[in-house]
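What follows is a single structure, written as structure tokens, with notes after it.
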Amino acid sequence: MKLPGDRLDGWTSVAVVLTGGYLLMVILPLVMVLINSVSSGGEFTLAGFATFFSSRLYYGTLINSILVTVCVTVFALVIAFPLAYFMTMFRVRGNRTVQMLILASMMSPPFIGAYSWILLLGNNGMITRLFENVFGFKSPSIYGFAGIVLVLTLQLVPLIFTYLMGAWRTIDVSLLEAAEGMGITGWRRAVQVITPLLWPTVLAGSLLVFVRAFADFGTPMLIGQGFRTIPVLIYSSFVGEVSIDQTFAAAVAVIVMVVTLAIFLVQKYLVDRQQFSMTALRSIEARRLPGWRGVAIHLYVYGFLTLALAPLVVVVVSSFRNTLYGQFVDGFSFDNYVKSQRDIFRYVGNTFGIGITALLILVVIAVLVAYLTVRRKGILTGALDTMTMVPYVVPGLVIGIALITAFSQGPLLLTGTFAIMVIALTIRRLPYSVRSTTALMHQLNPSIEEAAISLGASKFRTLVRIIVPALAPGILSGAVLSWVTIITELSTTLFLYNTSTQTLSLGIYAQVIRGQLGTAAALSTLLLVLTMLSLFLLMRLPGGHRELRI
């Protein structure tokens, strides 16, 4: 059947194969979760949903998650807005370096932030022991609601900060001068003039923070203790800590999907209503702020930077501390690295093997999907474009559950294999790569392809010899960024691995759960080094600094 807008040729075959792959690997598993949520023993039932909404123990986790995400979103915005304002309007010493370090702190795995705060304010943490030994009383605990909000806020402030910094560059300085001419200066100008201009960016960034905080699993799992969020409930339900009822676990996963989808649609609706174009003919030039106000700005900027980086420094230092039965004791050495070298080689080998395989597949699919959706618009490619965004709004933990539901039995038994890990990571990161590659494809003039084809080149050869080289810098930058997020991914692969496919992220999580803090610190340091080296490579690529926004 010929679809309107689609021409039947080799590219149609590619579109059919990709669409079939998405249907098999993404849509079918999610549909199976939906079916499991309303069926038990082959009969229709809503028992899973009834159980969830009838017990405060269960629906309370949804309330807890919403409470955490609202607080994190508000705090992240309150901290990030002045930070971006100060960095743009005023001269801050080391401005560029500070921006790079803030962005680098965003790229560290979220659960490492939680783990590092355990090392600082946990039951046997550095600050906890310092307060007890010097002042004779305990410091505030990192465990529970406050700790989750603190860790997630520090983790997600850089995310909205990058959005705001990008928006600041589009503001024309003549608007600010006109406001000054009308007597509107200082904070009045920030609230009455700048805020409305940045409102679409604020909305988009805030709602992205909301979705990420809502779906985060590692942080509440490590430091939540009695304060349970809904991702933790999904995990504990699925592994049998609370219930082995698959219908209940599937029902909770569906509830999470509904919430995240609703948030995504609200975000899209509000952003679409507020969109307008703005080009700065004269960009804002930072000016020096003398006196105590300049000092206060530097204290604010560097104070946040210290808070964002201190936990990571603590992890690195802790990796050299001596341990006894997994707990830290006096003295420093390389024992943690020596003791865990066997695991290190295995984890690093799996991280590179699985990660690079997923990255190669991801890049190829992203280029093909981007070409099809830009150059071959039609119903089929439109459906393919929509399906690529599904993993964007579905939390990683739910994707993991969907994959294990679909592929833990015949005819496709993949759970625990190398292949399912590659598939999971590819699916998880593909939406971001497709979006960035599609944006690049829009910028490429179609006349270049037409010229190549008119000279006798085939369509495939034109793609390989003309289009891909033209987009190579952007594709490479996106690939490095995808690599960083692949090696730090935890929630999607949590249900799918076995000992032969355990990656660095999974190894760190396992060591923290077992109480092997020294080994966890050594592995975390290795992961941080890998992340920073990848970011350094990204910075060296043409336009790489612009790609540091996900």
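In table form, for the structure just shown:
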read-out	value
Failed criterion for residue 320 (all others in (1) at pLDDT 85 or above; (2) within 23 Å of residue 84 (Cα to Cα); (3) open to solvent by less than 90 Å² (accessible area, probe 1.4 Å); (4) not acidic (Asp, Glu) hold)	(2)
Test result for residue 371, modelled with pLDDT of 85 or more, farther than 23 Å from residue 248 by Cα and part of a helix (DSSP H, G or I)	yes
Which listed residue, of 156, 130, 150, is touching a residue at least 40 places away in the same chain (Cβ under 8 Å) and either out of contact with any strand residue (DSSP E or B) (no Cβ under 9 Å at 6 or more places or on another chain) or hydrophobic (A, V, I, L, M, F, W, C) (or both)	156
Subset tally (residues that are modelled with pLDDT under 85, under 31 Å from the mean Cα position of the chain (by Cα) and open to solvent by 30 Å² or more (accessible area, probe 1.4 Å)) for the stretch 323-340	1
Enumeration of residues in the stretch 78-94 that are on the phi < 0 side of the Ramachandran plot, over 25 Å from the mean Cα position of the chain (by Cα) and not hydrophobic (A, V, I, L, M, F, W, C)	88, 91, 93
Residues of the stretch 236-254 classified as buried (at least 24 other Cβ atoms within 10 Å of the Cβ), closer than 21 Å to residue 68 by Cβ and at pLDDT 85 or above, total	2
Qualifying residue in the stretch 499-517 (condition: part of a helix (DSSP H, G or I) and touching a strand residue (DSSP E or B) at 6+ places or on another chain (Cβ under 9 Å))	yes
Extreme residue, least open to solvent (accessible area, probe 1.4 Å), among residues of the stretch 400-413 that are in a loop (DSSP other than H, G, I, E, B) and of a type in the set (S, T, N, Q)	408
Residue in the stretch 9-20 that is farthest from residue 231 (Cα to Cα), counting only those that are free of Cβ contacts under 8 Å to residues at least 12 places away in the same chain and either open to solvent by less than 60 Å² (accessible area, probe 1.4 Å) or among the polar types (S, T, N, Q) (or both)	13
Restricting the stretch 179-192 to residues that are of a type in the set (A, V, I, L, M) and free of Cβ contacts under 8 Å to residues at least 60 places away in the same chain, the residue that is least open to solvent (accessible area, probe 1.4 Å)	179
Qualifying position, being in a helix (DSSP H, G or I) and more than 28 Å from residue 398 (Cβ to Cβ), among 220, 200, 231	200
Exclusive hit being among the hydroxyl-bearing types (Ser, Thr, Tyr), more than 24 Å from residue 69 (Cα to Cα) and touching a Ser or Thr at 6+ places or on another chain (Cβ under 9 Å), set 185, 170	170
Test: residue in the stretch 171-178 that is charged (D, E, K, R), in a loop (DSSP other than H, G, I, E, B) and open to solvent by less than 40 Å² (accessible area, probe 1.4 Å)	yes
Residue that is assigned to a helix (DSSP H, G or I) and in contact with a Phe, Trp or Tyr (Cβ under 6 Å, 6 or more places away or on another chain), where the choices are 397, 362, 440	397
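The values are calculated or read from the model by the stated rules, or taken from the named source; none is laboratory data. Predicted model only: the values in this text are computed from it and were never measured. Here Cβ is always computed from backbone atoms with ideal geometry, including for glycine, and neighbour counts include all displayed protein chains. Note: accessible area is taken over every heavy atom of the protein model, side chains too, but ligands, DNA and RNA are not part of it. Shrake-Rupley method; radii C 1.70, N 1.55, O 1.52, S 1.80 Å.
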